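Below is one structure; the comments refer to it alone.
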Amino acid sequence: METFVVDADWRNWFFVQVKTDEGITGVGEALSGEGLTPALEATAEAHKHYVIGEDPLNRKQINRKLRRYPFAWRAGKLINAVAAAIDIALWDIAGKYYGEPVWKLLGGKVHDEIPVYANGWHIGERTPENYAHHAKKAVGEQGYPALKCDPFAHYEYSLTDSQIDEVANLLEAVRDAVGWDVGVALDCHGRFTRRGAIEVANALEEYNIMFLEEPVELEDREVMANVTQHVNMPVATGERIYNNETMEDLVRKQACDIIQPDVTNYGSLQEVQHAASMAKSRYMTIAPHNPNAGVSTAASVHLCAGLENLEVLEHMSRDVEWADEIIEHDYTVEDGVIEVPDDPGLGVTFHPDAAREHPGEPKDSHSLFDEEGALKRP
């Protein structure tokens with residue numbers, strides 16, 4: 001088992017490659033934001049003895065060891081992220097071993113195509129003109145039917161009238177550029193108070209918001225539920241949840257309309273399936289979080305293929321120029337969807353030599369934003 005930290009401009013990517021004695025190799029990915037890749041490396045190194053020498057087709061046993069045997073740190077974020085990366089790699093191995101795509105091993109598919117929305121499209125200056133330019137490019141040139149953005153800069157807790165007007169001008173420019181048939185979602189990154197979130201949602205409702213993401217932090221699901229009940233747009237959350245115990249509380253309290261688990265930090269693909277089933281039982285949909293690299297996209301597509309209550313999948317519209325050198329794949333967006341592949345395993349090829357040519361380095365800032373409030377994107 002070998003780990004790779006790869007430079008991706010404003011962040012690093014984290015991959016795990018697992019090799020078998022029969023020559024089959026699988027690749028996985030862990031969510032690696034905020035400069036925590038050294039911690040992921042250390043966790044993977046400390047836990048590799050749970051993997052080496054095991055039957056790679058016995059994923060549940062391996063996953064159980066990875067997530068439960070470190071007793072004092074059981075179910076922690078780092079442990080679940082590393083377990084998720086290894087689990088994805090083992091699904092890749094199993095698919096190649098059986099000559100079948102991962103979606104078939106997960107139980108089959110109900111979707112031949114996965115609808116996506118664009119993230120990472122709004123870069124540079126935080127102005128209406130720049131937002132309009134990049135929105136038109138993402139929709140017109142790249143074929144995305146929906147866009148997500150965080151237009152709130154460094155503002156927290158609540159917005160003044162002038163700040164709301166500032167955000168409204170950005171959204172109005174986007175609507176003027178792409179029209180009203182394109183979905184527009186707002187990512188709040190958990191920055192608001194309960195009252196602040198409701199005020200913002202009410203003020204921006206006229207722009208026909210597809211969903212409001214993480215309006216408040218998740219520590220108190222009752223507060224999130226209260227926001228959900230008081231705004232006239234769907235609320236989505238869950239990207240920072242990494243186990244079904246917490247997700248069950250979110251679903252039971254009807255704290256959102258759309259859950260957003262991330263396959264690269266949730267422990268295993270089957271755990272995300274369970275999360276989707278819980279949501280389905282309460283008539284909620286799922287829109288997996290996926291601002292990650294090509295392995296995450298591949299695993300998410302295979303997972304989404306079998307989810308009856310699928311809403312949409314997040315997809316990065318921009319990446320570093322060496323992304324395709326490291327992860328070779330055919331996961332392209334055409335007419336707003338990604339086609340579910342039939343290739344064995346995940347349907348990607350990982351190039352370790354290319355990954356080593358772009359080693360990740362410590363970043364000078366862990367923030368998603370620069371000093372002027374513009375998103376830092378490749």
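The values are calculated or read from the model by the stated rules, or taken from the named source; none is laboratory data. Keep in mind it's a predicted model, so treat the numbers as computed, not measured. As a convention, Cβ positions derive from the backbone with ideal geometry for all residues, glycine included, and neighbour counts pool all protein chains shown. Note: accessible area is taken over every heavy atom of the protein model, side chains too, but ligands, DNA and RNA are not part of it. Shrake-Rupley method; radii C 1.70, N 1.55, O 1.52, S 1.80 Å.
List of remarks:
- Scope segment 338-351; condition open to solvent by 30 Å² or more (accessible area, probe 1.4 Å) and not acidic (Asp, Glu); matching residues: Pro344, Thr349, His351
- Matching residues, segment 95-130, being in a helix (DSSP H, G or I), farther than 30 Å from Pro38 by Cβ and either among the acidic types (Asp, Glu) or in contact (Cβ under 8 Å) with a residue 60 or more places away in the chain (or both): Gly95, Lys96, Tyr97, Tyr98, Trp103, Glu129
- Among the numbered conditions (1) at pLDDT 95 or above; (2) open to solvent by 10 Å² or more (accessible area, probe 1.4 Å); (3) not in a loop (DSSP other than H, G, I, E, B), the only one that Asp324 does not meet is (1).
- Residues of segment 88-104 that are open to solvent by 10 Å² or more (accessible area, probe 1.4 Å) and among the charged types (D, E, K, R): Lys96, Glu100, Lys104.
- Condition check for Ser296 on (1) within 11 Å of the chain's Cα centre (by Cα); (2) part of a loop (DSSP other than H, G, I, E, B); (3) modelled with pLDDT of 95 or more; (4) not aromatic (Phe, Trp, Tyr): one failure, at (2).
- When residues of segment 197-224 are limited to those that are assigned to a loop (DSSP other than H, G, I, E, B) and touching a residue at least 12 places away in the same chain (Cβ under 8 Å), the one surrounded by the fewest Cβ atoms within 10 Å (Cβ to Cβ): Asn208
- Hits in segment 309-323 (condition: closer than 21 Å to Val235 by Cα and free of Cβ contacts under 8 Å to residues at least 40 places away in the same chain): Asn309
- Single match in Glu308, Glu314 (criterion: of a type in the set (Asp, Glu), open to solvent by less than 10 Å² (accessible area, probe 1.4 Å) and closer than 18 Å to Val272 by Cβ): Glu314
- Evaluating Tyr331 against the criteria (1) at pLDDT below 95; (2) crowded, with 20+ Cβ neighbours inside 10 Å; (3) not in a loop (DSSP other than H, G, I, E, B) leaves one unmet condition, (3).
- Qualifying residue in segment 146-165 (condition: crowded, with 19+ Cβ neighbours inside 10 Å, assigned to a helix (DSSP H, G or I) and β-branched (Val, Ile, Thr)): no
- Hits in segment 42-55 - residues which are free of Cβ contacts under 8 Å to residues at least 40 places away in the same chain and closer than 29 Å to Tyr98 by Cα: His47, His49, Tyr50, Gly53, Glu54, Asp55
- Counted residues, segment 64-86 - those being surrounded by fewer than 23 Cβ atoms within 10 Å (Cβ to Cβ) and in contact (Cβ under 8 Å) with a residue 40 or more places away in the chain: 3
- Qualifying residues in segment 72-94 (those that are assigned to a helix (DSSP H, G or I) and of a type outside the set (A, V, I, L, M, F, W, C)) - the one nearest to Ile62 (Cα to Cα): Asp87
- For segment 166-182, a residue qualifies if it is part of a helix (DSSP H, G or I) and hydrophobic (A, V, I, L, M, F, W, C), and the qualifying residues are Val167, Ala168, Leu170, Leu171, Ala173, Val174, Ala177, Val178.
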